[in-house]
Structures are given as C-alpha cells and as structure tokens.
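Participant: Dropping a structure here in structure tokens format, bear with me for questions.
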Amino acid sequence: MTLSAADILLWVAVPYAALGICVVGHVWRYRYDKFGWTTRSSQLYENRLLRLGSPLFHYGIVLVVLGHVLGLVLPESWTDAVGVSESTYHIVSFTLGTVAGVATVLGLAILIYRRRTVGPVFSATTRNDKIMYVLLGVTLALGLGTTLYYTLTDQVHDYRQDVAPWFRSLFYFRPEPELMTDAPLGFRLHALAACALFAFWPFSRLVHVWSAPVGYLTRPYIVYRSRDEALGTHRPPRGWERVGQ
C-alpha cells in the first residue's frame, strides 16, 4: 500500500511529536514549576455543583482510561485465550464504555457550566483552562459519539483490528500508519484530538493526575499541644480570665 506524505505526518510524526512533548513537558514542568503543579482548586468559591460534577467526571474518566487500556494495549488474542468471545467483548465494552463516557461528559458539562456561571470561579479561569476544557471536551465527545454512532447504526467496527495495532506499533517503534488510513473518520479524529490533548497536558492543570499524597504515609506525626494554662507557663492577659475561676 502506498502511503502519502499526509498519512506519514498524521499517523507517525504527529503521535511521536505529541508523545515527546508530553514526556519532556512534564519533566520541565516538574523541575521548573513545582509551585504551579496544582489543580488551583475553586472549592471555596462554590461547592454545590462541584460535589455533583466532580465525582461524575473523575470516576467516569478513570473507567474510560481503564477501558482504553484494555481495548488498545491488550491484543485481541489475549482475550480469546481466556475464553472471551468477540461478541461478549464488544457487548461488555460498549455497555461499560457508554456508561463511563456519559458520566464523564455529563460531569465535565456540569463543571464547565459551574465555571461559566459562578462569578468567582469564572474570574479565576485562565485562558489555559479554557483551552484545556475545549481539548478535553472535543476528545471525549468524539470518542463517545463515534462509539454510539457505529453501534446504534449497526455499523459495528472492530477497532482492535486497526486502531489498537496502530497504537501499539508506535511503542514498538515500528509504526504502521496504513492501519489508520482505513479506519473510520470518527476514530481518526478521536486519535488526533487525543494527540493534541496529550501535547497540551504538561502545560495545564491536568498535571495533578500524576500527583498522589504518598508522603502522608511516611511523614512524621503532627504534635498538637494544649493551650490549657494549667499545662503551660503562659498566663492569660488581664480581663481574659476564664469564667467560674
């Protein structure tokens, strides 16, 4: 199969460039912007919508990521080896993927609505945040929309025959761009949107994904001392004696 320059650019150069920017960008951000490695929480400004949207988004996105790991990283031969048929895999994948995708998109929609309608939260929103929300929303919408379209219209496409092998070939350093040239348009757009998101990732608040409070497990105990005057030498100022003494 003859590949065009555009095919090489889209399915070899762009993914590797996105991956390189993602890795190098995270290293740079961690070394030179540790104080900026934060979510810039806006919980103090508004909590009602946050309590609804944040769990939907975060729990949903975890399931979405796990689904992508199972679908893209694990070869089809592995699921066949453990006795999972192709039809069973697609039924489970579609059901769980749809639930996780809808929860994630709904949660993201609530968070965006909150950020736009709550004055203090909107004032704290940077241009960087807006770009991040657009990239994240487009990537999620394309993934969920493509899955629903090809399933509900009975045009089931086995992405483990083209998208998944192409994805793994990048990490084998033997890219097979010809696999993506035959993939449906929705899957190709989803892959390109994901590349843009990963390239932007280290320069946004999304870096908090890689942070975990591991230090809490080994840090020293916090010692609290009583302010009871009977346990110390400090005498209360005049006029502030306790009632009943």
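Participant: Can you tell me which residue within the stretch 157-183, out of those that are assigned to a loop (DSSP other than H, G, I, E, B) and touching a helix residue (DSSP H, G or I) at 6+ places or on another chain (Cβ under 7 Å), is nearest to TYR16 (Cα to Cα)? So that I can check it myself, show each step before the final result.
Facilitator: First, the residues of the stretch 157-183 that are assigned to a loop (DSSP other than H, G, I, E, B): 157-158, 162, 172-177, 182-183.
Then keep just the ones that are touching a helix residue (DSSP H, G or I) at 6+ places or on another chain (Cβ under 7 Å); that gives 157, 162, 175-177, 183.
Details: HIS157: 26, ASP162: 18, PRO175: 10, GLU176: 13, PRO177: 12, ALA183: 19 Å.
Top of the filtered list is PRO175.
Participant: Condition first: part of a helix (DSSP H, G or I), touching a Cys at 6+ places or on another chain (Cβ under 8 Å), modelled with pLDDT of 90 or more and open to solvent by less than 40 Å² (accessible area, probe 1.4 Å). Can you find one or more residues in the stretch 1-23 that meet it?
Facilitator: Scanning the stretch 1-23 turns up at least one residue that is part of a helix (DSSP H, G or I), touching a Cys at 6+ places or on another chain (Cβ under 8 Å), modelled with pLDDT of 90 or more and open to solvent by less than 40 Å² (accessible area, probe 1.4 Å).
Participant: Quick check on the stretch 137-180: of everything there that is open to solvent by less than 30 Å² (accessible area, probe 1.4 Å) and of a type in the set (Val, Ile, Thr), which residue is nearest to VAL12 (Cα to Cα)?
Facilitator: In this case the residue turns out to be VAL163.
Participant: Hey, does the stretch 61-80 have a residue that's over 18 Å from the mean Cα position of the chain (by Cα) and loosely packed, with under 12 Cβ neighbours inside 10 Å? First the steps, then the outcome.
Facilitator: To start, the set of residues in the stretch 61-80 that are over 18 Å from the mean Cα position of the chain (by Cα) comprises 74-80.
Narrowing further to those that are loosely packed, with under 12 Cβ neighbours inside 10 Å: 77-78.
Yes: the stretch 61-80 contains one or more residues that are over 18 Å from the mean Cα position of the chain (by Cα) and loosely packed, with under 12 Cβ neighbours inside 10 Å.
Participant: Looking only at residues in the stretch 189-207 that are aliphatic (A, V, I, L, M) and over 16 Å from ALA13 (Cα atoms), which one is least open to solvent (accessible area, probe 1.4 Å)? So that I can check it myself, show each step before the final result.
Facilitator: Taking the stretch 189-207 first, the residues aliphatic (A, V, I, L, M) are 189, 191-194, 196-197, 199, 206-207.
Filter once more, so that each one left must be over 16 Å from ALA13 (Cα atoms): 206-207.
Values: LEU206: 18, VAL207: 0 Å².
Residue satisfying both the conditions and the ranking: VAL207.
Participant: Looking at this structure, is THR79 within 29 Å of PHE171 (Cβ to Cβ) and among the polar types (S, T, N, Q)?
Facilitator: Working: within 29 Å of PHE171 (Cβ to Cβ): yes; among the polar types (S, T, N, Q): yes.
In short, yes.
Participant: Let me ask you something else. Looking only at the stretch 24-42, which residues are assigned to a helix (DSSP H, G or I) and among the charged types (D, E, K, R)?
Facilitator: Step one: list which residues in the stretch 24-42 are assigned to a helix (DSSP H, G or I), which gives 24-32, 34-36.
The answer is ARG29, ARG31, LYS34.
The values are calculated or read from the model by the stated rules, or taken from the named source; none is laboratory data. Computed from a prediction, not measured in an experiment: that's the story for all the values here. Every residue, glycine as well, gets a Cβ built from its backbone with ideal geometry; the counts of neighbours run over all protein chains shown. Protein only, heavy atoms only, side chains kept; ligands, DNA and RNA dropped before computing areas. Shrake-Rupley method; radii C 1.70, N 1.55, O 1.52, S 1.80 Å.
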